[in-house]
Amino acid sequence: MNAPIRSETTNPYARAIAASKRVRWDIDHDVLRGRSLEHEHNYLPDGLTLAHTLEFLSASERRFMSQVQGRSYTNMFGLVERFINTKVLELGKHHFLGDQVALEALVRFSDEELKHQELFRRVERLAASGMPGGYRFLPDANAVARVVLERSSWAVLALTCHIELFTLAHYKRSIEPDARLSPLFKDILMFHWKEESQHAVLDELEWRRVDEASSPDQREQGVTDLLALVAAVDGILQLQSAADADYVQGHLARELSPGEQARLRDTFLRAYRYQYIGSGIELTRFPEILFGLVGDAQAARIKAALGPLL
Ligand SMILES: [Fe+2]
Ligand SMILES: [Fe+2]
């Protein structure tokens, strides 16, 4: 009998490599296939956009709201992937002369995030070609990355783990089951989900590795940094939700009342806070990982800071 080969199942980094090879896709050949975004469909489901809660909007106005939020959703991924990829390359250094399997897993992770950024740039061009002018995605990927990467790896990995876990939850729970979404937009998020599944595993492995090497003071600083990053994320959401609400309003064929305008803006902000902060806490195992790593006083600080955003 042959000696058993060291199974990929015993090493989570090796499992991530195997999965990465299995699902690997090409932007043109597999995802876009020469298609354009369909104007007659939603891009994101109601559960994420909250468009269904605005009874004063017509069906086509809600659809436009869903398409604008979908455009910002993919732009937001392109944005965060800039700092995620930079951090992943930096973490790879730890494995340069050590675990070559872990190093390969991180190199593939980085390669995929570079490809995803290109995919989301292409999606932005497709979305722009079918929408009226005036849309603006305000945050700059490099400026945000510079601010984020000043914080400790513990905090950046926590934020990254959170983002990649909610990406999976959004796709599985509300995007995949929604038959009303644009087939192309859905495919884009399906292919993204396939490669993100490994990233979420690697984030957690690296976060736990960094956490184990942290002193109590470093972990305390990690919590402080994470809360600063969440506040920075919320600043971006406030800015972009207001810009997107104004863009939608500016392209309705009628004037909304001041009360309706306020509700539109408020709903955009609530939707974005749910998409990028609340849903990760509510729908994923992120809180389980986070609260398993920090002490009671740190957990209380985190809950107090998140409370007003949820
Ligand atoms: Fe990605
Ligand atoms: Fe990712």
Expressed in angstrom and rounded, the centroid-to-centroid distance over alpha carbons for region 284-301 and region 75-101 is 24
In degrees rounded to 10, the 0-90 angle between helix 216-250 Cα long axis and the longest Cα principal axis of the chain is 20
Stokes-Einstein, Kirkwood over Cα pairs, the chain, 25 °C, 0.890 mPa s; D in µm²/s equals 120
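For the pairs K87/K194; K21/K186; K93/K172; K21/K172; K115/K172, note any where the Cα-Cα span goes beyond 26 Å.
On the way: K87/K194 21 Å; K21/K186 22 Å; K93/K172 33 Å; K21/K172 21 Å; K115/K172 22 Å.
Table pairs above 26 Å Cα-Cα are K93/K172.
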Tilt, helix 183-212 to longest principal axis of the chain (alpha-carbon atoms), in degrees rounded to tens, equals 40
re region 265-310: pairs of Cα atoms spaced beyond 11 Å account for a percent value of 69
By Cβ neighbour count within 10 Å, fewest first, M65, M190, M131, M76 rank M190, M131, M76, M65
The FRET efficiency for A128 and L310, from their Cβ-Cβ distance with R0 = 41 Å and rounded to 0.05, is 0.80
Comparing S60, S257, S241 in a Gaussian network model of the chain (Cα, 10 Å), the one with the largest mean-square fluctuation is S257
Here P(r) for region 105-230, Cα-Cα distances in 10 Å bins, as whole percents, is 11, 33, 35, 17, 4, 0
Rg from C-alpha atoms of region 1-156, normalised by the globular rule of thumb 2.2 N^0.38 Å, equals 1.34
Neighbour-count ranking for L48, L89 (other C-beta within 10 angstrom, fewest to most) reads L89, L48
In terms of the alpha carbon gyration tensor, root eigenvalues a ≥ b ≥ c, rounded if a/c is under 1.5 and otherwise prolate when a/b exceeds b/c or oblate, region 170-243 is oblate
Quick calc, the chain, dipole around Cα centre from Cβ unit charges on Lys, Arg (+) and Asp, Glu (-), nearest 20 debye, gives 340
Ranked from fewest to most other Cβ atoms within 10 Å of their own Cβ, E260, E164 fall in the order E260, E164
Projected convex hull area of region 224-310, Cα atoms, direction-averaged, in nm², equals 6.4
With +1 at each Lys and Arg Cβ and -1 at each Asp and Glu Cβ, the charge dipole magnitude of region 9-109 around its Cα centre, to the nearest 20 debye, comes out at 340
Under a Gaussian network model of the chain whose springs join Cα atoms within less than 10 Å, the largest fluctuation of P258, P12, P45 belongs to P258
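Beyond 21 Å, what share of the Cα-Cα pairs of region 37-102 remains, rounded to the nearest whole percent?
Pairs farther apart than 21 Å: 48 percent.
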Among G307, A262, A143, the residue whose Cα sits farthest towards the positive end of the charge dipole of the chain (+1 at Cβ of Lys and Arg, -1 at Cβ of Asp and Glu, taken about the Cα centre) is A262
Per-residue ellipticity at 222 nm attributable to helices in the chain (runs of n ≥ 4 DSSP H, -39500 (n - 2.57) apiece, nearest 500 deg cm²/dmol) works out to -23000 deg cm²/dmol
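Every number in this text was worked out from the coordinates using simple rules, so none of it is lab data. Here the structure is a predicted model, which means the values were calculated and not measured. Note that each Cβ is placed from the backbone with ideal geometry, even for glycine, and that neighbours are counted across all protein chains shown.
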